[in-house]
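Visitor: What follows is a structure written as structure tokens; I'll ask about it next.
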Amino acid sequence: GLPICGQSSVYCVWVAALSLFMELLGFSTQTWLTAGGLGTVLLTPAGRGIFTNFLSSAMIHATRPFVVNEWIQTKIEDYEVSGTVEFRI
């Protein structure tokens, strides 16, 4: 494969070519770029939460994997969850 710089250069060329083609067809690329930027800003907090939860579960699994019939109790945002491990994947 291409190194990171080569891949990002190819990506930039494709984005520029697509933008130019859209301009030739009469579409405003500024509107599309602005909408994409706003969408990214709105998705960032949700993505951060999902990524944080994924990393937390991976760390728990790596450092202290649960065993079957183990009692687990935790508190998530003022909501208590408890129970026993029934199976392990």
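Visitor: How do PHE87, PHE27, PHE66 rank by accessible surface area computed with a 1.4 Å probe, from largest to smallest?
Guide: In descending accessible area the options line up as PHE87, PHE27, PHE66.
Visitor: Another one. May I ask you to give the average projected area over all directions of the convex hull of the Cα atoms of the chain, in nm² rounded to one decimal?
Guide: Mean projected area of the Cα convex hull: 10.6 nm².
Visitor: Using the per-residue mean of other Cβ atoms lying within 10 Å as a proxy for protection, in what order, highest first, do the peptides 53-63, 76-86 fall?
Guide: Final packing ranking: 53-63, 76-86.
Visitor: May I ask you to give the solvent-accessible area per residue for the chain, in square angstrom, as obtained with a 1.4 angstrom probe?
Guide: 92 Å²
Visitor: Turning to a different aspect of this structure: How much of the accessible area of the chain, in percent, comes from carbon and sulfur atoms when a 1.4 Å probe is used?
Guide: Taking all protein chains in place, the chain shows 69 percent carbon and sulfur surface.
The values are calculated or read from the model by the stated rules, or taken from the named source; none is laboratory data. As the structure is a prediction and not an experimental result, all values here were calculated from the model. Glycine also receives a Cβ, built like all others from the backbone with ideal geometry; neighbour counts cover every protein chain displayed. Note: accessible area is taken over every heavy atom of the protein model, side chains too, but ligands, DNA and RNA are not part of it. Shrake-Rupley method; radii C 1.70, N 1.55, O 1.52, S 1.80 Å.
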